[in-house]
Structures are given as C-alpha cells and as structure tokens.
1. Looking at segment 66-87, can you tell me whether even one residue there is in a loop (DSSP other than H, G, I, E, B) and under 17 Å from Ser153 (Cβ atoms)?
2. So, in segment 158-180, exactly how many residues are part of a helix (DSSP H, G or I) and aliphatic (A, V, I, L, M)?
3. Identify the residue in segment 123-139 that is of a type in the set (Lys, Arg) and outside any loop (DSSP other than H, G, I, E, B) and, among all such residues, is nearest to Tyr90 (Cα to Cα).
4. Of the residues in segment 192-208, how many are hydrophobic (A, V, I, L, M, F, W, C), part of a helix (DSSP H, G or I) and within 23 Å of Glu79 (Cβ to Cβ)?
5. Of Lys268, Lys256, which residue is charged (D, E, K, R) and under 17 Å from Glu65 (Cβ atoms)?
6. Residues in segment 209-218: is at least one modelled with pLDDT of 95 or more, part of a helix (DSSP H, G or I), closer than 16 Å to Ala69 by Cα and acidic (Asp, Glu)?
7. Specify the residue that is modelled with the lowest pLDDT; the eligible residues are those in segment 95-122 that are closer than 27 Å to Tyr231 by Cα, of a type outside the set (Gly, Ala, Ser) and in a helix (DSSP H, G or I).
8. State whether one or more residues within segment 181-191 are under 18 Å from Arg233 (Cβ atoms), outside any helix (DSSP H, G or I) and not hydrophobic (A, V, I, L, M, F, W, C).
Amino acid sequence: MARNTIHKSATGRPKAAPSRQPKAAGAKREASRQNPPTPASKRKPPKQKPSKQVPSKQKPWTKAEIEEAFRRLREANPEPRGELEHINPYTLLVAVVLSAQATDAGVNKATRALFAQVDTPEKMVALGEAKLRDAIKTIGLFNTKAKNVIALSHKLIAEHGGVVPRERAVLETLPGVGRKTANVVLNVAFGEETFAVDTHVFRVGNRTGMAPGKTPLEVESKLEALVPPAYRRHAHHWLILHGRYICKAQRPLCEKCPINDLCRWPEKTTFMANA
C-alpha cells in the first residue's frame, strides 16, 4: 500500500502542494489580468471591406442603355478635360508617367514650376536626373520616375527628333510608358478615339456591368466595341471623372449618380437607403 509522503521545509513546516493547473491555463489567466477585454461599448466596429469589382453574371447592357448613359454623361459635362496640367504633348507625356500611383493634384503641384522652365526633351536632358528628382520629390516613386523621364527624353531626341510619336506601339517602347499612358497621350494630345483604362474606369466598367473584364485590357476591348461613335472621343474622360467623383471605391455616391437606374450593381440601393 502506497504511503502519502509529506515534504517539509527547512523550518519543519509542510510545503504547499504543487499546483496541478495546466501551465497554459495559468498563462492565459495571467494575460487576461494584464490585458482585460475592452468593454463592448468601446469596441471599434469592424471595417467593412468594399465589394470586389470583378466581372459578374449580370445582364449585359443593351445598346440603347449604353447610348443613354453616355448621353446623360455628356449632358452633365459636354467638354470633359483631363486634370493633369500640361503645355504640349511632351509635358503631357511626362505628367502621365509621373501620375502612376499618384494623384493628378499631387503631380500638378510638382510640375507647375518644372514645366514653366522645362517643356522639351532637350531641356529635360539638360536639367539632369538629380535636379529632376529634386523637383518631383513630393511624388511617389520619384527616383524611378525621374530615371524614366530622363531616359525617355534621350530616346525621343535620338530616335524621334524630339517629337512625341503618334503610334501606340512606338509610345510603349519609351521607358515608363505603358498602354494606359500611351492611350491618354493619343487621346488628349492628338484627339485619337482611345480608351485609357485606369483604376477608375476599371471599377466603373465592372461595378456598373457596362464593360466587365478581369483585366484593364478586357475592359478596354469591351468599351472599344460598345461605345457609340458620337461619344468615343470623350468616353474615357467621362468614365474617369464619374469614377473619381461619384462611383468612388469606398463610398459611391449612388444618390447622385446620373446613370443609377441603368447600373447593374446589386448593392447600389443599399447606399441610397443609407445616404
């Protein structure tokens, strides 16, 4: 028969029996004492994630609906203009390159003084990369952008006589110039009927269901096929401005939308009710 053994301390008094409580539970209780839970009344509500603007299986827009949508957008803004300030095709090209992952307002603030002194590729090369960096340092990714602007200026001088080319494929060979930048330059500087799909146009095309696509190129192709001839010249500007000021990413102003009744977005009535 086993005997119960009582351990004694140096004073002859029995030692307290060791705790049989699991270590994990004790640690959890201690952490709870040090970091008591926040009262429910003071807890911050969880952030609502914006709906993903991806192609859906919504009913496609009819030709009549697309015609009506652009008619309304033109009625609200007959002569839309891009918001990037520029002097000529070259400064427009530079401004669009600088606008990647930056706001038009931020780019304009940095380029006003710059373009007053530098408005040709030759003057930009003479300015140099270091001084250009200093002039645009308030713009995100300014180091890479300064490098690209100097490089594209060199290429314009060496291969195009310092003139901005009017072909998309040629524009895309310039450092820092992608399809969207090329489309903006062709449309704004040369009046071409191109569709520059930025984040705003991509969102509007998918959210409304007008031109759904998984990539900017898919959305561009849809717009190319759908937009009526009378609206092609300014179509991308109407969509950009609509996405920037009304069909915004975080809080679309559905109650102010001129094409609300045509829009296929299933959540639009929720925002109208809570406005």
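The values are calculated or read from the model by the stated rules, or taken from the named source; none is laboratory data. Since the structure is predicted, the reported quantities are computational estimates derived from the model, not experimental observations. Don't worry about glycine lacking a Cβ; one is built from the backbone with ideal geometry, like all the others, and counts go over all protein chains shown.
1. yes
2. Here is the first cut: in segment 158-180, the residues part of a helix (DSSP H, G or I) are 158-160, 168-171, 179-180.
Cutting the leftovers down to aliphatic (A, V, I, L, M) gives us 158, 169-171.
Residues that pass the stated criteria total 4.
3. Filtering first and then ranking leaves Lys123.
4. The total comes to 2.
5. When all the criteria are applied, what remains is Lys268.
6. Just the residues of segment 209-218 that are modelled with pLDDT of 95 or more, to begin with: 209-218.
With the extra rule that they be part of a helix (DSSP H, G or I), the set shrinks to 216-218.
Narrowing the set further to residues that are closer than 16 Å to Ala69 by Cα leaves none.
No - not one qualifying residue is present in segment 209-218.
7. Of everything passing the filter in segment 95-122, Asp104 is modelled with the lowest pLDDT.
8. Within segment 181-191, the subset under 18 Å from Arg233 (Cβ atoms) is 182-191.
Now drop any that are not outside any helix (DSSP H, G or I), which leaves 191.
Pick out the ones that are also not hydrophobic (A, V, I, L, M, F, W, C) and you get 191.
Yes: one or more hits.
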